[in-house]
Amino acid sequence: MTKQNATTSEGWNFNNSYSRLPETFFTRLNPTPVRFPKLVMLNYPLARDLGLNDKFLESENGVAVLAGNLLPEDALPLAQAYAGHQFGHFTMLGDGRALLLGEQITPRGERFDIQLKGAGKTPYSRGGDGRAALGPMLREYIISEAMHALGIPTTRSLAVVTTAEPVFRETVLPGAILIRVAASHLRVGTFQYVSKWGTVEELRILADYTLQRHFPDAETAVNKYLFLLQEIVRRQAKLIAKWQLVGFIHGVMNTDNMALSGETIDYGPCAFMDSYDQATVFSSIDKYGRYAYGNQPRIAAWNLARFAETLLPLLDNNEDMAIKLAENALASFAEIYLTNWLAGMRAKLGILNEEPEDESLINNLLSLMSKYHADYTNTFLALTFETIKDTEMFCSAEFNEWHKLWQTRLGRQQDTLKSNYQKLMRNNNPALIPRNYRVEEALEAAIKHEDYSVMQRLLRVLSSPFAHSPEQSEFSLLPKPPRTPYVTFCGT
(Lines give C-alpha, C1' and ligand atoms only; values in the text may rest on other atoms or scores of the structure.)
Protein backbone atom coordinates (compact mmCIF):
# COMPACT_ATOMS: atom_id res chain seq x y z
CA MET A 1 0.00 0.00 0.00
CA THR A 2 1.44 3.35 -1.03
CA LYS A 3 2.06 5.91 1.69
CA GLN A 4 0.75 9.43 1.32
CA ASN A 5 0.20 12.37 3.60
CA ALA A 6 -2.98 13.55 5.31
CA THR A 7 -3.44 17.30 5.66
CA THR A 8 -3.19 19.45 8.77
CA SER A 9 -6.76 20.68 8.14
CA GLU A 10 -7.91 17.56 9.96
CA GLY A 11 -6.39 18.79 13.22
CA TRP A 12 -2.95 17.24 13.19
CA ASN A 13 -0.32 19.56 14.63
CA PHE A 14 2.90 17.63 15.06
CA ASN A 15 6.13 18.97 16.53
CA ASN A 16 8.43 16.00 17.00
CA SER A 17 11.06 16.79 19.61
CA TYR A 18 12.08 13.19 20.35
CA SER A 19 13.12 12.68 16.73
CA ARG A 20 15.73 15.42 17.21
CA LEU A 21 17.57 13.41 19.87
CA PRO A 22 20.57 11.21 18.95
CA GLU A 23 19.46 8.58 16.46
CA THR A 24 20.85 5.80 18.63
CA PHE A 25 17.75 6.37 20.79
CA PHE A 26 15.32 5.14 18.13
CA THR A 27 14.81 3.71 14.66
CA ARG A 28 12.86 5.55 12.00
CA LEU A 29 10.37 3.42 10.10
CA ASN A 30 6.81 3.51 8.84
CA PRO A 31 3.97 1.37 10.15
CA THR A 32 3.25 -1.85 8.30
CA PRO A 33 -0.02 -1.31 6.39
CA VAL A 34 -3.07 -3.45 7.07
CA ARG A 35 -5.51 -4.50 4.34
CA PHE A 36 -8.95 -3.74 5.81
CA PRO A 37 -8.84 -1.39 8.79
CA LYS A 38 -12.10 -0.76 10.60
CA LEU A 39 -12.71 1.77 13.37
CA VAL A 40 -14.47 0.09 16.31
CA MET A 41 -13.77 2.51 19.19
CA LEU A 42 -13.18 6.26 19.10
CA ASN A 43 -12.71 8.46 22.15
CA TYR A 44 -14.58 11.56 21.02
CA PRO A 45 -13.86 13.80 24.06
CA LEU A 46 -10.15 12.98 23.91
CA ALA A 47 -10.02 13.58 20.16
CA ARG A 48 -11.49 17.05 20.64
CA ASP A 49 -9.12 17.85 23.51
CA LEU A 50 -6.24 16.95 21.21
CA GLY A 51 -7.59 19.32 18.58
CA LEU A 52 -8.50 16.53 16.17
CA ASN A 53 -11.54 16.51 13.92
CA ASP A 54 -13.53 13.46 14.99
CA LYS A 55 -15.53 13.48 11.75
CA PHE A 56 -12.30 13.10 9.86
CA LEU A 57 -11.18 10.26 12.13
CA GLU A 58 -14.41 8.45 11.29
CA SER A 59 -13.77 8.83 7.56
CA GLU A 60 -11.94 6.36 5.35
CA ASN A 61 -8.78 8.49 5.37
CA GLY A 62 -9.07 9.04 9.10
CA VAL A 63 -9.25 5.32 9.78
CA ALA A 64 -6.29 4.84 7.45
CA VAL A 65 -4.28 7.25 9.61
CA LEU A 66 -5.27 5.45 12.81
CA ALA A 67 -4.27 2.14 11.24
CA GLY A 68 -0.91 3.45 10.06
CA ASN A 69 -1.78 3.20 6.34
CA LEU A 70 -1.76 6.97 5.89
CA LEU A 71 0.65 9.41 7.51
CA PRO A 72 -0.44 12.85 8.69
CA GLU A 73 1.62 15.77 7.54
CA ASP A 74 4.77 16.21 9.66
CA ALA A 75 4.45 12.73 11.18
CA LEU A 76 7.87 11.15 11.75
CA PRO A 77 7.20 7.55 12.80
CA LEU A 78 9.84 5.90 14.95
CA ALA A 79 10.33 3.00 17.31
CA GLN A 80 11.98 3.92 20.61
CA ALA A 81 14.84 1.92 22.05
CA TYR A 82 14.90 1.10 25.75
CA ALA A 83 15.99 -1.62 28.13
CA GLY A 84 14.54 -2.86 31.37
CA HIS A 85 14.45 -5.24 34.29
CA GLN A 86 11.70 -7.75 33.57
CA PHE A 87 10.86 -9.64 36.75
CA GLY A 88 14.25 -8.54 38.04
CA HIS A 89 16.30 -9.59 35.00
CA PHE A 90 17.94 -6.93 32.83
CA THR A 91 17.49 -7.16 29.06
CA MET A 92 17.53 -5.07 25.90
CA LEU A 93 14.02 -4.12 24.79
CA GLY A 94 12.40 -1.38 22.70
CA ASP A 95 9.14 -0.77 20.86
CA GLY A 96 8.62 -4.24 19.44
CA ARG A 97 5.14 -3.58 18.10
CA ALA A 98 4.57 0.13 18.63
CA LEU A 99 5.51 3.24 16.70
CA LEU A 100 5.51 6.83 17.87
CA LEU A 101 3.58 8.54 15.08
CA GLY A 102 4.39 12.03 16.32
CA GLU A 103 3.90 14.58 19.11
CA GLN A 104 0.57 16.39 18.88
CA ILE A 105 0.44 19.99 20.11
CA THR A 106 -3.08 20.64 21.38
CA PRO A 107 -5.04 23.90 21.11
CA ARG A 108 -3.99 24.56 24.75
CA GLY A 109 -0.34 24.16 23.83
CA GLU A 110 0.10 20.78 25.52
CA ARG A 111 2.30 18.10 23.98
CA PHE A 112 1.22 14.46 23.71
CA ASP A 113 2.75 11.42 22.08
CA ILE A 114 0.49 9.68 19.55
CA GLN A 115 1.54 6.04 19.41
CA LEU A 116 0.24 3.18 17.29
CA LYS A 117 0.35 -0.07 19.28
CA GLY A 118 0.33 -3.14 17.03
CA ALA A 119 1.73 -1.27 14.02
CA GLY A 120 4.07 -4.00 12.80
CA LYS A 121 7.58 -5.35 13.21
CA THR A 122 10.47 -3.17 14.34
CA PRO A 123 14.16 -3.85 14.95
CA TYR A 124 13.19 -4.43 18.60
CA SER A 125 10.53 -7.08 17.97
CA ARG A 126 12.82 -9.91 19.15
CA GLY A 127 11.14 -12.47 16.91
CA GLY A 128 7.63 -11.16 17.48
CA ASP A 129 5.18 -10.33 14.73
CA GLY A 130 4.75 -6.70 15.77
CA ARG A 131 0.99 -7.04 15.89
CA ALA A 132 -1.58 -6.90 18.68
CA ALA A 133 -4.73 -8.87 19.38
CA LEU A 134 -8.09 -7.17 19.70
CA GLY A 135 -8.85 -8.32 23.26
CA PRO A 136 -5.81 -6.78 24.98
CA MET A 137 -6.22 -3.53 23.04
CA LEU A 138 -9.85 -3.22 24.14
CA ARG A 139 -8.83 -4.06 27.71
CA GLU A 140 -6.28 -1.23 27.67
CA TYR A 141 -8.93 1.13 26.32
CA ILE A 142 -11.35 0.24 29.13
CA ILE A 143 -8.89 0.27 32.02
CA SER A 144 -6.94 3.36 30.96
CA GLU A 145 -10.14 5.38 30.55
CA ALA A 146 -11.42 4.11 33.91
CA MET A 147 -8.16 5.17 35.55
CA HIS A 148 -8.43 8.62 33.98
CA ALA A 149 -11.96 9.00 35.32
CA LEU A 150 -10.75 7.98 38.79
CA GLY A 151 -8.26 10.86 38.68
CA ILE A 152 -5.19 8.66 38.35
CA PRO A 153 -2.45 9.84 35.96
CA THR A 154 -2.47 7.55 32.95
CA THR A 155 -1.85 7.16 29.29
CA ARG A 156 -5.14 7.23 27.41
CA SER A 157 -6.74 5.50 24.47
CA LEU A 158 -7.81 7.50 21.44
CA ALA A 159 -9.11 4.67 19.29
CA VAL A 160 -9.05 0.98 18.43
CA VAL A 161 -8.95 -0.18 14.82
CA THR A 162 -9.39 -3.80 13.78
CA THR A 163 -7.14 -5.05 10.99
CA ALA A 164 -9.06 -8.06 9.59
CA GLU A 165 -5.77 -9.92 9.91
CA PRO A 166 -5.19 -12.88 12.24
CA VAL A 167 -2.75 -12.73 15.12
CA PHE A 168 -1.19 -16.05 16.07
CA ARG A 169 -0.69 -16.66 19.78
CA GLU A 170 -1.75 -19.82 21.63
CA THR A 171 -4.77 -19.59 19.35
CA VAL A 172 -5.67 -17.52 16.30
CA LEU A 173 -7.00 -14.11 17.42
CA PRO A 174 -8.40 -11.07 15.58
CA GLY A 175 -5.83 -8.32 15.12
CA ALA A 176 -6.15 -4.69 16.15
CA ILE A 177 -4.23 -1.45 16.64
CA LEU A 178 -4.60 0.79 19.69
CA ILE A 179 -3.88 4.49 19.34
CA ARG A 180 -2.34 5.48 22.66
CA VAL A 181 -1.92 9.04 23.92
CA ALA A 182 0.77 9.78 26.50
CA ALA A 183 2.53 12.77 28.03
CA SER A 184 5.59 10.93 26.73
CA HIS A 185 6.94 7.41 26.46
CA LEU A 186 10.10 8.17 28.41
CA ARG A 187 10.67 5.29 30.81
CA VAL A 188 13.10 4.19 33.48
CA GLY A 189 14.12 1.70 30.80
CA THR A 190 14.97 4.53 28.39
CA PHE A 191 17.65 5.73 30.81
CA GLN A 192 18.80 2.18 31.44
CA TYR A 193 19.34 1.72 27.69
CA VAL A 194 21.40 4.89 27.30
CA SER A 195 23.31 4.23 30.51
CA LYS A 196 24.27 0.73 29.31
CA TRP A 197 24.95 1.32 25.62
CA GLY A 198 25.33 5.09 25.25
CA THR A 199 27.82 7.72 26.34
CA VAL A 200 27.69 10.03 29.35
CA GLU A 201 27.05 12.90 26.97
CA GLU A 202 24.07 11.07 25.45
CA LEU A 203 22.81 10.39 28.97
CA ARG A 204 23.06 14.10 29.71
CA ILE A 205 21.13 14.92 26.51
CA LEU A 206 18.38 12.50 27.53
CA ALA A 207 18.20 13.92 31.06
CA ASP A 208 18.07 17.50 29.75
CA TYR A 209 15.31 16.51 27.33
CA THR A 210 13.30 14.87 30.13
CA LEU A 211 13.68 17.98 32.28
CA GLN A 212 12.62 20.28 29.47
CA ARG A 213 9.60 18.16 28.62
CA HIS A 214 8.28 17.33 32.09
CA PHE A 215 10.09 19.38 34.74
CA PRO A 216 10.57 22.98 33.57
CA ASP A 217 10.97 24.17 37.19
CA ALA A 218 14.42 22.59 37.19
CA GLU A 219 15.85 25.82 35.79
CA THR A 220 16.09 27.22 39.32
CA ALA A 221 17.54 24.05 40.89
CA VAL A 222 21.14 24.03 42.14
CA ASN A 223 21.59 20.46 40.86
CA LYS A 224 19.06 19.90 38.09
CA TYR A 225 19.76 16.18 37.78
CA LEU A 226 19.18 15.65 41.48
CA PHE A 227 15.99 17.67 41.03
CA LEU A 228 15.00 15.27 38.23
CA LEU A 229 15.48 12.26 40.49
CA GLN A 230 13.63 13.86 43.39
CA GLU A 231 10.67 14.84 41.23
CA ILE A 232 10.36 11.42 39.63
CA VAL A 233 10.50 9.79 43.07
CA ARG A 234 7.76 12.15 44.23
CA ARG A 235 5.53 11.52 41.21
CA GLN A 236 5.88 7.77 41.44
CA ALA A 237 5.18 7.72 45.18
CA LYS A 238 1.97 9.70 44.61
CA LEU A 239 0.98 7.50 41.68
CA ILE A 240 1.41 4.20 43.52
CA ALA A 241 -0.54 5.57 46.48
CA LYS A 242 -3.42 6.30 44.10
CA TRP A 243 -3.23 2.74 42.74
CA GLN A 244 -3.42 1.28 46.22
CA LEU A 245 -6.35 3.48 47.20
CA VAL A 246 -8.58 2.04 44.46
CA GLY A 247 -7.27 -1.53 44.58
CA PHE A 248 -5.57 -1.39 41.16
CA ILE A 249 -3.00 -4.07 40.34
CA HIS A 250 -0.72 -3.25 37.40
CA GLY A 251 0.49 -6.80 37.03
CA VAL A 252 3.83 -6.23 35.31
CA MET A 253 5.83 -3.47 37.03
CA ASN A 254 9.00 -3.95 35.04
CA THR A 255 11.30 -0.93 34.83
CA ASP A 256 10.36 -0.42 31.18
CA ASN A 257 6.76 0.00 32.36
CA MET A 258 7.49 2.95 34.66
CA ALA A 259 6.87 6.23 32.85
CA LEU A 260 8.95 9.21 33.98
CA SER A 261 5.98 11.51 33.43
CA GLY A 262 4.25 9.85 36.40
CA GLU A 263 1.54 8.27 34.26
CA THR A 264 0.35 4.68 34.49
CA ILE A 265 1.52 2.95 31.33
CA ASP A 266 1.32 -0.46 29.62
CA TYR A 267 -1.91 -2.12 30.67
CA GLY A 268 -1.19 -5.79 30.20
CA PRO A 269 -2.31 -8.26 32.88
CA CYS A 270 -3.89 -5.50 34.95
CA ALA A 271 -7.06 -5.79 37.04
CA PHE A 272 -8.85 -4.39 40.07
CA MET A 273 -9.02 -6.26 43.34
CA ASP A 274 -12.33 -7.61 44.63
CA SER A 275 -11.76 -9.21 48.04
CA TYR A 276 -9.10 -7.33 49.97
CA ASP A 277 -5.89 -9.33 50.04
CA GLN A 278 -2.36 -7.92 49.95
CA ALA A 279 -1.19 -11.04 48.08
CA THR A 280 -3.63 -10.59 45.19
CA VAL A 281 -2.10 -11.44 41.81
CA PHE A 282 -3.98 -11.84 38.54
CA SER A 283 -1.13 -12.11 36.02
CA SER A 284 -0.55 -15.56 34.55
CA ILE A 285 3.19 -14.93 34.36
CA ASP A 286 3.69 -13.63 37.92
CA LYS A 287 4.17 -17.07 39.43
CA TYR A 288 5.76 -15.88 42.67
CA GLY A 289 3.77 -12.73 43.36
CA ARG A 290 6.57 -10.27 42.67
CA TYR A 291 4.03 -7.71 41.49
CA ALA A 292 1.24 -8.54 43.93
CA TYR A 293 -0.97 -5.70 45.17
CA GLY A 294 0.86 -5.39 48.49
CA ASN A 295 4.28 -5.39 46.81
CA GLN A 296 3.62 -2.50 44.44
CA PRO A 297 5.12 0.26 46.66
CA ARG A 298 8.25 -1.81 47.30
CA ILE A 299 8.68 -2.63 43.61
CA ALA A 300 8.24 1.02 42.66
CA ALA A 301 11.05 1.92 45.07
CA TRP A 302 13.22 -0.84 43.58
CA ASN A 303 12.58 0.47 40.06
CA LEU A 304 13.47 3.99 41.17
CA ALA A 305 16.75 2.71 42.56
CA ARG A 306 17.55 1.35 39.10
CA PHE A 307 16.74 4.78 37.65
CA ALA A 308 18.98 6.49 40.22
CA GLU A 309 21.86 4.22 39.21
CA THR A 310 21.68 5.54 35.65
CA LEU A 311 21.93 9.14 36.88
CA LEU A 312 25.05 8.70 39.04
CA PRO A 313 27.47 10.11 36.40
CA LEU A 314 25.33 13.28 36.27
CA LEU A 315 24.62 13.79 39.97
CA ASP A 316 28.21 14.54 40.97
CA ASN A 317 31.73 14.04 39.65
CA ASN A 318 32.60 12.31 42.91
CA GLU A 319 31.04 8.84 42.80
CA ASP A 320 30.65 8.56 46.59
CA MET A 321 28.88 11.90 46.71
CA ALA A 322 26.67 10.91 43.76
CA ILE A 323 25.65 7.71 45.57
CA LYS A 324 24.87 9.64 48.75
CA LEU A 325 22.70 12.14 46.86
CA ALA A 326 20.85 9.30 45.15
CA GLU A 327 20.30 7.40 48.39
CA ASN A 328 18.90 10.49 50.10
CA ALA A 329 16.49 11.11 47.23
CA LEU A 330 15.36 7.48 47.21
CA ALA A 331 14.85 7.51 50.96
CA SER A 332 12.07 10.07 50.56
CA PHE A 333 9.89 7.63 48.62
CA ALA A 334 8.52 5.81 51.67
CA GLU A 335 7.49 8.99 53.47
CA ILE A 336 5.91 10.58 50.39
CA TYR A 337 4.03 7.39 49.61
CA LEU A 338 2.78 6.94 53.16
CA THR A 339 1.73 10.59 53.45
CA ASN A 340 -0.32 10.37 50.26
CA TRP A 341 -1.78 6.97 51.09
CA LEU A 342 -2.81 8.07 54.58
CA ALA A 343 -4.37 11.26 53.22
CA GLY A 344 -6.34 9.19 50.73
CA MET A 345 -7.45 6.66 53.32
CA ARG A 346 -8.53 9.42 55.69
CA ALA A 347 -10.66 10.86 52.90
CA LYS A 348 -12.19 7.44 52.20
CA LEU A 349 -13.22 7.33 55.88
CA GLY A 350 -14.42 10.92 56.06
CA ILE A 351 -11.58 12.06 58.31
CA LEU A 352 -10.91 15.76 57.75
CA ASN A 353 -7.86 16.27 59.98
CA GLU A 354 -4.84 14.28 61.12
CA GLU A 355 -4.19 12.30 64.30
CA PRO A 356 -1.30 9.91 64.97
CA GLU A 357 -3.70 7.04 65.67
CA ASP A 358 -5.31 7.25 62.22
CA GLU A 359 -2.86 4.80 60.66
CA SER A 360 -3.76 2.18 63.25
CA LEU A 361 -7.48 2.77 62.71
CA ILE A 362 -7.05 2.34 58.96
CA ASN A 363 -4.89 -0.77 59.22
CA ASN A 364 -7.27 -2.39 61.67
CA LEU A 365 -10.10 -2.03 59.15
CA LEU A 366 -7.93 -3.46 56.38
CA SER A 367 -6.98 -6.39 58.61
CA LEU A 368 -10.66 -7.13 59.18
CA MET A 369 -11.34 -6.90 55.45
CA SER A 370 -8.52 -9.33 54.79
CA LYS A 371 -9.65 -11.76 57.49
CA TYR A 372 -13.24 -11.85 56.25
CA HIS A 373 -12.43 -11.57 52.52
CA ALA A 374 -14.49 -8.39 52.29
CA ASP A 375 -14.81 -6.62 48.98
CA TYR A 376 -12.49 -3.62 48.94
CA THR A 377 -14.57 -1.16 46.94
CA ASN A 378 -17.97 -2.10 48.33
CA THR A 379 -16.83 -2.03 51.96
CA PHE A 380 -16.00 1.65 51.66
CA LEU A 381 -19.25 2.26 49.78
CA ALA A 382 -21.19 0.63 52.63
CA LEU A 383 -19.44 2.90 55.13
CA THR A 384 -20.09 5.94 52.96
CA PHE A 385 -23.82 5.41 52.59
CA GLU A 386 -24.39 3.57 55.88
CA THR A 387 -25.65 0.50 54.03
CA ILE A 388 -23.86 -1.99 56.25
CA LYS A 389 -25.39 -5.32 55.31
CA ASP A 390 -25.67 -8.69 56.95
CA THR A 391 -22.23 -9.97 56.04
CA GLU A 392 -19.82 -11.97 58.14
CA MET A 393 -17.47 -9.04 58.71
CA PHE A 394 -20.14 -6.45 59.43
CA CYS A 395 -21.83 -8.82 61.90
CA SER A 396 -18.62 -9.54 63.80
CA ALA A 397 -17.86 -8.17 67.25
CA GLU A 398 -14.48 -7.02 65.92
CA PHE A 399 -16.10 -4.80 63.31
CA ASN A 400 -18.59 -3.38 65.81
CA GLU A 401 -15.69 -2.39 68.04
CA TRP A 402 -13.84 -0.84 65.10
CA HIS A 403 -17.00 1.01 64.03
CA LYS A 404 -17.34 2.57 67.48
CA LEU A 405 -13.72 3.75 67.35
CA TRP A 406 -14.30 5.21 63.89
CA GLN A 407 -17.42 7.07 64.97
CA THR A 408 -15.57 8.41 68.01
CA ARG A 409 -12.77 9.56 65.70
CA LEU A 410 -15.23 11.38 63.46
CA GLY A 411 -16.69 13.05 66.53
CA ARG A 412 -13.30 14.53 67.45
CA GLN A 413 -13.13 16.54 64.24
CA GLN A 414 -13.60 20.27 64.39
CA ASP A 415 -16.17 19.90 61.61
CA THR A 416 -18.53 17.17 62.82
CA LEU A 417 -21.30 17.99 60.36
CA LYS A 418 -22.27 14.62 58.93
CA SER A 419 -23.05 15.92 55.46
CA ASN A 420 -19.53 17.32 55.11
CA TYR A 421 -17.60 14.19 55.92
CA GLN A 422 -20.03 12.04 53.92
CA LYS A 423 -19.44 14.32 50.93
CA LEU A 424 -15.70 13.75 51.36
CA MET A 425 -16.30 10.00 51.38
CA ARG A 426 -18.52 10.13 48.30
CA ASN A 427 -15.83 12.04 46.44
CA ASN A 428 -13.14 9.49 47.34
CA ASN A 429 -14.97 6.17 47.24
CA PRO A 430 -15.96 5.29 43.67
CA ALA A 431 -19.38 3.83 43.02
CA LEU A 432 -17.77 1.20 40.86
CA ILE A 433 -14.54 -0.07 39.37
CA PRO A 434 -14.02 -2.04 36.15
CA ARG A 435 -15.07 -5.34 37.73
CA ASN A 436 -13.15 -8.15 36.11
CA TYR A 437 -16.27 -10.03 35.07
CA ARG A 438 -17.77 -6.88 33.56
CA VAL A 439 -14.61 -6.29 31.54
CA GLU A 440 -14.69 -9.89 30.32
CA GLU A 441 -18.36 -9.55 29.33
CA ALA A 442 -17.52 -6.49 27.25
CA LEU A 443 -14.54 -8.18 25.61
CA GLU A 444 -16.48 -11.34 24.81
CA ALA A 445 -19.34 -9.41 23.21
CA ALA A 446 -16.91 -7.40 21.09
CA ILE A 447 -14.59 -10.21 20.04
CA LYS A 448 -17.08 -13.02 19.49
CA HIS A 449 -20.11 -11.08 18.29
CA GLU A 450 -18.72 -7.70 17.13
CA ASP A 451 -21.11 -6.14 19.64
CA TYR A 452 -19.50 -3.05 21.16
CA SER A 453 -22.62 -1.84 22.95
CA VAL A 454 -21.69 -3.73 26.11
CA MET A 455 -18.30 -2.02 26.17
CA GLN A 456 -19.85 1.37 25.40
CA ARG A 457 -22.27 1.05 28.31
CA LEU A 458 -19.48 -0.04 30.64
CA LEU A 459 -17.36 2.93 29.58
CA ARG A 460 -20.27 5.28 30.12
CA VAL A 461 -20.85 4.26 33.75
CA LEU A 462 -17.10 4.19 34.42
CA SER A 463 -16.66 7.75 33.10
CA SER A 464 -18.13 9.32 36.27
CA PRO A 465 -17.16 6.95 39.09
CA PHE A 466 -18.09 9.38 41.86
CA ALA A 467 -21.56 10.19 40.52
CA HIS A 468 -23.13 7.34 42.52
CA SER A 469 -26.02 7.14 40.06
CA PRO A 470 -28.71 4.44 40.14
CA GLU A 471 -27.35 2.90 36.93
CA GLN A 472 -23.93 2.43 38.55
CA SER A 473 -25.30 0.33 41.41
CA GLU A 474 -25.87 -2.52 38.96
CA PHE A 475 -22.19 -2.46 38.06
CA SER A 476 -21.09 -2.54 41.71
CA LEU A 477 -22.58 -6.00 42.20
CA LEU A 478 -20.10 -8.76 42.91
CA PRO A 479 -19.78 -11.68 40.52
CA LYS A 480 -20.73 -15.20 41.44
CA PRO A 481 -17.84 -17.08 43.08
CA PRO A 482 -15.63 -18.26 40.21
CA ARG A 483 -14.85 -21.93 39.76
CA THR A 484 -11.22 -21.05 39.15
CA PRO A 485 -9.19 -17.95 40.12
CA TYR A 486 -9.39 -15.03 37.70
CA VAL A 487 -6.29 -14.86 35.48
CA THR A 488 -5.11 -12.12 33.14
CA PHE A 489 -2.55 -12.30 30.35
CA CYS A 490 0.00 -9.90 28.89
CA GLY A 491 -1.50 -10.02 25.42
CA THR A 492 1.85 -9.61 23.67
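Considering Cα pairs under 8 angstrom that are at least six residues apart, work out the relative contact order of segment 408-492 and quote it in whole percent.
Answer for segment 408-492 is 33 percent.
Within the set of other residues whose C-beta is less than 12 Å from the C-beta of Asp256, count the net charge using Lys and Arg as +1 and Asp and Glu as -1.
Around Asp256, the charge tally is 0.
Please state the charge dipole magnitude for the chain, taken about the Cα centre, from unit charges on C-beta atoms (+1 on K and R, -1 on D and E), reported in debye and rounded to the nearest 20. Don't skip to the end; give the middle numbers.
Values: 49 positive and 54 negative charges, 119 e Å.
It comes to approximately 580 debye.
Report, in deg cm²/dmol and to the nearest 500, the calculated mean residue ellipticity at 222 nm for the chain, where each DSSP H run with n ≥ 4 adds -39500 (n - 2.57) and the sum is divided by the residue count.
It comes out at -13500 deg cm²/dmol, rounded to the nearest 500.
On the protein heavy atoms, probe 1.4 angstrom, tell me the percent of accessible surface of the chain carried by carbon and sulfur.
Working: 10960 of 21200 Å².
Within the chain, the accessible surface is 52 percent carbon and sulfur.
Can you figure out the FRET efficiency of Ala397 with Glu219, using R₀ = 45 Å and their beta-carbon distance, to the nearest 0.05? Let's see the in-between values first.
Values: r = 59 Å, r/R0 = 1.31.
Efficiency, from the Cβ-Cβ distance: 0.15.
Hey, for a label at Arg48 modelled as a point 7 Å past Cα toward Cβ, could you say which residues of segment 74-110 have their backbone N under 15 Å away?
Within reach of a label on Arg48: 107-108.
When we measure straight from the Cα of Lys242, which aspartates and glutamates land under 13 angstrom away, once same-chain ones fewer than 8 places off are left out?
Glu263
Could you please put Tyr193, Tyr293 in sequence from largest to smallest accessible area, using a 1.4 Å probe? Before the final figure, lay out the partial values.
Values: Tyr193 35, Tyr293 5 Å².
So the residues, ranked largest to smallest area, are Tyr193, Tyr293.
In the neighborhood of Val34, defined by Cβ-to-Cβ distances under 10 Å, what is the net charge if each Lys or Arg adds +1 and each Asp or Glu adds -1?
+2
Taking a probe of 1.4 angstrom, what is the accessible area of Lys224 in Å², to the nearest 10?
The value for Lys224 is about 80 Å².
Working out 0.36 nm times the residue gap between Glu327 and Glu58, then minus their Cα-Cα distance, what length gain in nm do you get to one decimal? Intermediate results must be reported in sequence, preceding the final value.
Working: separation 269, 0.36 × 269 = 96.84 nm, distance 5.08 nm.
Working it through step by step, the gained length comes to 91.8 nm.
Counting only pairs 8 or more places apart or on different chains, how many lysine pairs in segment 1-141 have C-alpha atoms closer than 19 Å?
Within segment 1-141, the lysine pair count is 5.
Keeping every protein chain present and rolling a 1.4 Å probe, give me the accessible area per residue for segment 40-142 in Å².
Each residue of segment 40-142 exposes 33 Å² on average to a 1.4 Å probe.
Determine the dipole magnitude for segment 347-394: charges of +1 sit on the beta-carbon of Lys and Arg, -1 on that of Asp and Glu, nothing else is charged, the reference point is the Cα centre, and the result goes in debye to the nearest 20.
240
Label point 7 Å out from Met92 along Cα-to-Cβ: which residues of segment 102-138 have amide N under 13 Å?
123-127
When ligands, DNA and RNA are left out and all protein chains stay put, how many square angstrom of accessible area per residue does segment 390-492 have with a 1.4 Å probe?
Values: 6110 Å² over 103 residues.
Dividing the accessible area of segment 390-492 by its residue count gives 59 Å².
Among (1) 21.8, 71; (2) 23.2, 72; (3) 25.0, 89, find the value of Rg and Dmax of the Cα atoms in Å that was calculated from the structure presented, and write down its label.
(2)
For segment 348-389, what is the accessible area per residue in Å², given a 1.4 Å probe and the full set of protein chains?
The answer is 45 Å² per residue.
Loop-only trypsin sites (Lys or Arg not before Pro) in segment 1-97, please: DSSP not H, G, I, E or B, and at most 10 other Cβ atoms within 10 Å.
In loop regions of segment 1-97 (DSSP not H, G, I, E or B), the sparsely surrounded trypsin sites (Lys or Arg not before Pro) are Arg35.
State, as an integer percentage, the relative contact order of the chain based on alpha-carbon contacts under 8 Å between residues 6 or more apart.
14
On C-alpha positions alone, give me the angle between the axis of helix 376-385 and the longest principal axis of the chain, in degrees, nearest 10.
Roughly 50 degrees between the two axes.
Check cross-link reach from Lys238 to the lysines: straight Cα distance under 19 Å, and skip same-chain residues fewer than eight apart.
Lys348
What is the dipole size for segment 267-407, taken about its Cα centre, with +1 at each Lys and Arg Cβ and -1 at each Asp and Glu Cβ, in debye to the nearest 20? Don't skip to the answer; put the middle values down first.
Numbers: 10 positive and 20 negative charges, 79 e Å.
Roughly 380 debye for segment 267-407.
The values are calculated or read from the model by the stated rules, or taken from the named source; none is laboratory data. All figures in this text were calculated on a predicted structure; none of them were measured in a lab. When we count neighbours, we look across all protein chains shown, and the Cβ atoms used for this are built from the backbone with ideal geometry, even at glycine. Protein only, heavy atoms only, side chains kept; ligands, DNA and RNA dropped before computing areas. Shrake-Rupley method; radii C 1.70, N 1.55, O 1.52, S 1.80 Å.
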